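In what follows, a single structure is set out as structure tokens and then discussed.
The values are calculated or read from the model by the stated rules, or taken from the named source; none is laboratory data. No experiment lies behind these values; they were computed from the predicted model shown. A quick note on method: Cβ atoms are made from the backbone with ideal geometry, for glycine too, and the neighbour counts reach across all protein chains shown.
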Amino acid sequence: MLRYCLVIVFLMGLGRHVEAQEKPEYLLKKDQTNKRPVEAKCPCPEPEKKEEEPKSPWEFKLRIGSVFQLSQSKSVIGKIDGTTRSFQLDVHGEANWTCGRHSLRNRLDTNDIIVKTQNTGRWVPASDFVELESIYQYYAHPRVGPFARAGLKTSVFLGRDLRTNAVQYELPGGELTGQRTEYRLTDRFLPLTLLQSVGAFYNPVQSEHFDIDLRGGLGVRESFASGQLGVQDDSTTKDIVELVGLSSYTEAGLELIAMARGELWDERVSYYAGSEFLLPLLRTSKSGDDRTAWELLSKTVRLGVAYRLAKSATLLYELRLVHQPQLIDSVQVLNNVGFKTTFNLL
């Protein structure tokens, strides 16, 4: 009997436990089963955010381009048999500073072409110029303000006049040289021209791919060329080349500068056109020189187009016209057409 009583008591207790599990207060609800544990915050302190370094007001650019050409002719009518070699070096550098409304732009441009032809037998310069320019601008308005400019123009190598056929040179005193294919004209770094100007600038157009820059004011130029020679050839004297003596001078007057630059076709084509004029109101002059200021107007025109074939390969054309009547009353023309490899170092 005792054993049967214990079995009955055990079964009654098990039934109450099962009944207790089925009661609602003992069942987990849906939102409780879907609940995810909350991630505890890390007790470690968060790392401090580094402040962004201020952008430098300086911007530097340096581009070097070079071209080497080799041509050979044999039995070609009108040409001397032999090999012609030419090497061109082009350097463009910038150091620009911008802070608030202040801007300082510094530029270096050089272009040197040396050739070795059949009749010269040695390397001689065919084109040679160096330009340095520094411009300060204060933006009183986003497009207008005062500016000041200083610049230098010169050449590096000895200047020579080269001829394919032998000619006679007529010196400034009237003497004639013997038959020759070249004559030395200028020394290294001569003529040398210094430029200074102050005035106002105006940028009527400023966009990502096109801009126009106008500057006007007072300008001063000093040219050092005493003892140097220039070519002023008379076309009527076929076998005689006339040379004129150059002299140093200073002039000051009204200056106007205009420049337009642009890019096309996803920056594959770039171009520029610029001009510079100086009307001399004050000048040093030789005795007997009664030319007016308009007759002595200095003019410089530049045009250039470049087509980028690849990252470092460019087809280009450049035209430069310079007329400085006080230095020599002839228009100096420089044409460059070619293929150039360029390397951007900065």
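Go through the residues of the range 115-132 one by one and say whether even a single one is assigned to a strand (DSSP E or B), under 15 Å from the mean Cα position of the chain (by Cα), of a type outside the set (Lys, Arg) and modelled with pLDDT of 95 or more.
yes
Inside the range 165-232, counting only strands (runs of 3 or more DSSP E) that do not spill past its ends, which hold 2 or more residues that are buried (at least 16 other Cβ atoms within 10 Å of the Cβ) and modelled with pLDDT of 95 or more?
192-206, 210-224
Would you check if there is a residue in the range 277-298 being within 15 Å of the chain's Cα centre (by Cα), over 30 Å from Gln168 (Cα atoms) and in contact (Cβ under 8 Å) with a residue 12 or more places away in the chain?
Checked against the condition, which is being within 15 Å of the chain's Cα centre (by Cα), over 30 Å from Gln168 (Cα atoms) and in contact (Cβ under 8 Å) with a residue 12 or more places away in the chain, the range 277-298 yields no hits at all.
Can you tell me how many residues within the range 287-300 are over 12 Å from Gln324 (Cβ atoms) and crowded, with 16+ Cβ neighbours inside 10 Å?
Adding up the residues that qualify gives 0.
Identify all residues within the range 135-164 that are polar (S, T, N, Q) and either crowded, with 17+ Cβ neighbours inside 10 Å or in contact with a Phe, Trp or Tyr (Cβ under 8 Å, 6 or more places away or on another chain) (or both); write none if there are none.
Passing the criteria: Gln137, Thr154, Ser155.
Which residues, counting only those in the range 316-331, are in contact with a Lys or Arg (Cβ under 8 Å, 6 or more places away or on another chain) and part of a strand (DSSP E or B)?
Leu316, Glu318, Leu319, Arg320, Leu321, Val322, His323, listed by residue number.
From the list Glu242, Glu276, Glu267, exactly one residue is buried (at least 17 other Cβ atoms within 10 Å of the Cβ) and either at negative phi or assigned to a loop (DSSP other than H, G, I, E, B) (or both). Which is it?
Matching residue, one of Glu242, Glu276, Glu267: Glu276.
Of all residues being under 18 Å from the mean Cα position of the chain (by Cα) and among the polar types (S, T, N, Q) in the range 301-324, which is farthest from Ser248 (Cα to Cα)? Just the residue, please.
Among them, the one singled out is Ser312.
Quick one: Gly288 ticks every box in (1) on the phi > 0 side of the Ramachandran plot; (2) assigned to a strand (DSSP E or B); (3) of a type outside the set (S, T, N, Q) except a single one, so which number is it?
(2)
Select from the range 325-340 the residues that are of a type in the set (Val, Ile, Thr) and either surrounded by 15 or more Cβ atoms within 10 Å (Cβ to Cβ) or over 18 Å from the mean Cα position of the chain (by Cα) (or both) and list them in ascending order.
Ile328, Val331, Val333
Restricted to the range 145-164, and to residues that are part of a strand (DSSP E or B) and polar (S, T, N, Q), which residue is farthest from Asp109 (Cα to Cα)?
Filtering the range 145-164 for residues that are part of a strand (DSSP E or B) and polar (S, T, N, Q), the one farthest from Asp109 (Cα to Cα) comes out as Thr164.
Which ones in the range 311-346 are of a type in the set (A, V, I, L, M, F, W, C), modelled with pLDDT under 80 and farther than 26 Å from Asp161 by Cβ?
Phe339, Phe343, Leu345, Leu346
Those residues that are more than 19 Å from the chain's Cα centre (by Cα), under 30 Å from Gly338 (Cβ atoms) and modelled with pLDDT of 65 or more, I need them from the range 39-74; list them, please.
Result: Phe68, Gln69, Leu70, Ser71, Gln72, Lys74.
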